[in-house]
Each structure stands twice: as C-alpha cells, then as structure tokens.
1. Given the conditions (1) modelled with pLDDT under 95; (2) more than 14 Å from chain A (Cβ to nearest Cβ); (3) touching a helix residue (DSSP H, G or I) at 6+ places or on another chain (Cβ under 8 Å), which single one is not true for residue B:43?
2. Being assigned to a strand (DSSP E or B) and either within 14 Å of chain A (Cβ to nearest Cβ) or in contact with a helix residue (DSSP H, G or I) (Cβ under 7 Å, 6 or more places away or on another chain) (or both) is the requirement here; does residue B:28 meet it?
3. Can you tell me which residue among B:264, B:208 is at pLDDT below 95, assigned to a helix (DSSP H, G or I) and buried (at least 23 other Cβ atoms within 10 Å of the Cβ)?
4. Within the stretch A:86-199, considering only helices (runs of 4 or more DSSP H) that don't extend past its boundaries, which have at least 1 residues that are touching a helix residue (DSSP H, G or I) at 6+ places or on another chain (Cβ under 7 Å), within 14 Å of chain B (Cβ to nearest Cβ) and more than 30 Å from residue B:119 (Cβ to Cβ)?
5. Do you know which residues across the stretch B:94-126 are out of contact with any strand residue (DSSP E or B) (no Cβ under 8 Å at 6 or more places or on another chain) and touching a residue at least 60 places away in the same chain (Cβ under 8 Å)?
6. Among the residues of the stretch B:61-83, is any out of contact with any helix residue (DSSP H, G or I) (no Cβ under 6 Å at 6 or more places or on another chain), assigned to a helix (DSSP H, G or I) and more than 19 Å from residue A:169 (Cα to Cα)?
7. Mind telling me which of the residues A:81, A:46 ends up being part of a helix (DSSP H, G or I) and closer than 30 Å to residue A:208 by Cβ?
C-alpha cells in the first residue's frame, strides 16, 4: 500500500498496476471465504430452523396480515401525533417567550433521554395507577399516544433544524410585505422548512416502524399484536425461528422502500441546490 | 430626467435623530432625513457606513435604538403603531432578492395580496400580471425562482413589492448581488418606476443611476449623513473631503492611494462624471453599467 521501494530490484509495478493486483487478491479471498462457508454449513438444519415450510404457511395464515396491518397503523398514527406535536414543540423552542422555550426543551430532552421502552412500560401502567383512566380507540389510542410522545421529541429537533435552515431573508421579505408573524410562519417558513426535513422525517418513520416493536409491553390483546409480538409468540410456542424471520422480512418490506425514497429525495435536493 | 424633480410633495418619511447600535457597535449616529411624495432619494457611501441599516430601520426590519421615524405622519417606533399596516404601503427590494423559492413567480406576487389585503385570487392575479408585464417577465409567471437569472429574480421581487400598491419603495442595494451584465435590466425597471412618479429610497453603488435618476443624493459615512443635495452637487461638485475621497475610489477603482495630489485629481475627475460614460465606455466597470439604459 505504501510507497516503499523494496520491490525495486525486480520489475517495478506502476501504482495503478499494483492497486489492480491488490483488488484481484481481495476478490479471490472473498470467493474463497464464501465457498468455505457454503461447504461447511448444514443447509438442512438452517432450512429447518429459519425457513420451515409448514411454519411459513402457519405464520401467514394465523394472523400475519393483522399483525402487519397493526404495525402500519401504529406507526402511521404515532407519526401524525409526533408530527403535529413536534411542530408545536419546534415553534415553542424557537419562541421569543422564555417559558415556551424551557417547556419544550424539557419535553424534548426528557423523551429523547429515556429509553422508549420505559415510556411504554409507564403507559402500560397508567390505567392501573389512575383508576378509571380510559384512552379512547383501544388499543390504538394508547399506542399512538405513547409512540407519538417519543416521536414528537425527535421530530421537534428535526423540524427546528429545518426552520432554522430557512434563510433569514425569507421572514424579512414576508414581513416587509406586511404579513403578520403568524401568516409568514405558516405560508412562507414552514412550507420551506418541511421541504428541507422531508428526508430526515422519513428516516424518523423508519425508526418509528422499528420502535413499534416495543409496544408489546403495553400488554395488548392478541388482536392488537404487531409483527414482533406475533412472530415472537409463534416462534416461542413452536420452538422455531421461522415466524420471526418472516416478521423480519415484513419489516424490511416497509423500511427498504422508505430508505430508497429518502435517498432519492436527498439526491433530488442536492441537485436543486 | 425625473418628472418629480419639479415640485416635491408632502413628506412621506420623516426621520429625526435616528440612532442604532448593535451591541457596542454604534452604527447610526443621529440621522435626519425627509423623503417627499414622488421623490427619488439615493443613499451612497462606503460599505459599513450604515446606509443599509438606515433603510432597514424605516420599515422596522431593524429596531432603532433611539430617534423618531414617521411614515405618513405615523410614528413607527411607537409600540401602538400597526407596523404590518405601514409595511403594506412600503415595498422593499432586497440585495439577495429573497423570493419565496417554494412558490411560482405568479404566486410570489399574489400571496401577500390574498393573505394580507384579502384580495380575491382573480384580483390578485390580475394585479400580479400587470406588474410582471411592467418588469418584462410576463412569460415567466409559471416559473420558479430557481429557474430564473439573478436579474430576472430581482425584477420579480420588484413586481412582488409593486403588487401591494405601495406608496413608497425601498431598495437595499438591488443590483449588488447581480452579475454585471444583468444590472442594466434591473436599473431600467427602476428608472421607469421613477419616471412614473413612484417615491423611491434607494441604497446603491450605481453612481450613474444615482446621478441620472435621483432627485436627491445622500452621502453617508461612519453612521452620519456627510453631504446631501441634488446629484449634480453631491456627485458632481462635492464639498466634503470624505465625499470626494469616496467618489474618487468608486469612479476610478484602479487608482491607488488618496494622497494630496490625488484629491486634486479626484476633484478634477468627479467634475467630469457627467461626461465619463460617453468618453470611456466600459472603463469604469459596473458603476457606469446602467448609464446607457432606460
């Protein structure tokens, strides 16, 4: 790799030739490793544990669609709550009124600092602690609020960064046209801020999809199971990993397209700039 | 050149003893000025002299530290005054254009009309189209700002401000961010606006524009008004030393130092300003760029 001259007595390779040779050696090594693994693996066993055909069928028929739907619904509801609350928190964070700033900073630091699962456990215990407390749309309401609170803290910071990325001249131009501060924020600042933060917000959705796997601690009934809880229970009762593998693929089916979408949007924004 | 030069109308803006500090930096040190109806006032001066801050104080984009600014007799620094209402009557054009990038050219010109003046969409569009035609960009109404050149963006910005039917237009170095070859289009729009009788307050580095279009030129340096008067006097035969030095630097940027003999040179030179463009077309770079237009 370095510029040593020890190979000098022989025919000296040009740096480009040497780099080419090193590249070929690395390809060869990778092939050797892959062949070794393929030969050493017990394919029958792997298939039995991870891809057992009758388990695949059972996973699909017993309630995968419902679990898949629940994961989507939990994520979507939490996203809406997180987005609305996050926008309010971001505006509070940038407010000229001190107490607003302190409140939103406390909120954001609190929910970002706690493990999400702690928040969910607390939410699961709320109805026990406060007798008679009913969160509507059970079980969705509880999940949406719990997941949405956590999401709002992260989204608030993203949105705040987006608002601050809008040049100061924009608010000045809006105000100089006689627009009051509120109208200028709604019509000029926020639309631009959200355009900036669409890719990072989509990343938040991906995180939310994954975080929705933690809501099992809320103690949901079987009809409220999402992918992880469903797959895990089925895997446990059958002592086989196939249901979890399928649940995993379901997550990828949601998150991979979103990742690709984010990359496209980022590429387009780069081009626009 | 300007029709309004004949008889200045009623005062539109009256500034008295205006001070502005940014922290310990005392930027404006007691300005007094009046802008009359139909008048074109150009403010010139070295960078850092406070001329942009002066202009931004008038529509309260900067909060003055002390002093009085009256627009149509109303004190804008008074907390009881409705600054949004006053700003509606005062168009502003920025150095960096500040068009709204998420809106089309037409929407840029209609959004404040519909949200602030409560005009109907059709009314707002008609008004916007009228002004876009005035700046020569009718065919660009569907375009987005990023698709336009700097000069086109600045003309849209002028149309946007005009669509609010302002009584007064503020221009904050409107051509300073433009490529030299695009300056002329913007200046000719401004010339036309001036000839239509618009009251204009222009911070500029375009000496030819100030000389030809302004009814009055204000020379600022270090936060004070050093010299003020008709362009022939301030640019043609300045009396203050600081004005002479500044004008010499601006009109002959290649000339090196301002020693005693250079001031004499400057005196001779600025006396020739009016003839400069015809004799040395192009040699004075952008400062004569707009002279032949309009």
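The values are calculated or read from the model by the stated rules, or taken from the named source; none is laboratory data. This structure is a prediction, so every number in the text was calculated from the model and none was measured. Cβ sites come from the backbone with ideal geometry, for glycine too, and all protein chains shown count toward neighbours.
1. Every condition holds for residue B:43 apart from (1).
2. Working: assigned to a strand (DSSP E or B): yes; either within 14 Å of chain A (Cβ to nearest Cβ) or in contact with a helix residue (DSSP H, G or I) (Cβ under 7 Å, 6 or more places away or on another chain) (or both): yes.
So residue B:28 passes the test.
3. Details: B:264 fails: buried (at least 23 other Cβ atoms within 10 Å of the Cβ).
On inspection, the qualifying residue turns out to be B:208.
4. On the way: elements: A:98-113, A:116-129, A:140-165, A:168-176, A:181-184.
Output list reads A:140-165.
5. Residues of the stretch B:94-126 out of contact with any strand residue (DSSP E or B) (no Cβ under 8 Å at 6 or more places or on another chain): B:96-126.
Across the stretch B:94-126, the qualifying residues are B:96, B:97, B:99.
6. no
7. Numbers: A:46 fails: closer than 30 Å to residue A:208 by Cβ.
Result: A:81 is the single residue among A:81, A:46 that is part of a helix (DSSP H, G or I) and closer than 30 Å to residue A:208 by Cβ.
Yes/no matrix, rows are residues, columns are (1) more than 20 Å from the chain's Cα centre (by Cα); (2) closer than 24 Å to residue A:150 by Cβ; (3) surrounded by fewer than 15 Cβ atoms within 10 Å (Cβ to Cβ); (4) within 14 Å of another protein chain (Cβ to nearest Cβ):
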site: A:215; (1), (2), (3), (4): no, yes, no, no
site: A:249; (1), (2), (3), (4): no, no, yes, no
site: A:252; (1), (2), (3), (4): no, yes, yes, no
site: A:256; (1), (2), (3), (4): no, yes, yes, no
site: A:267; (1), (2), (3), (4): no, no, yes, no
site: A:271; (1), (2), (3), (4): yes, no, yes, yes
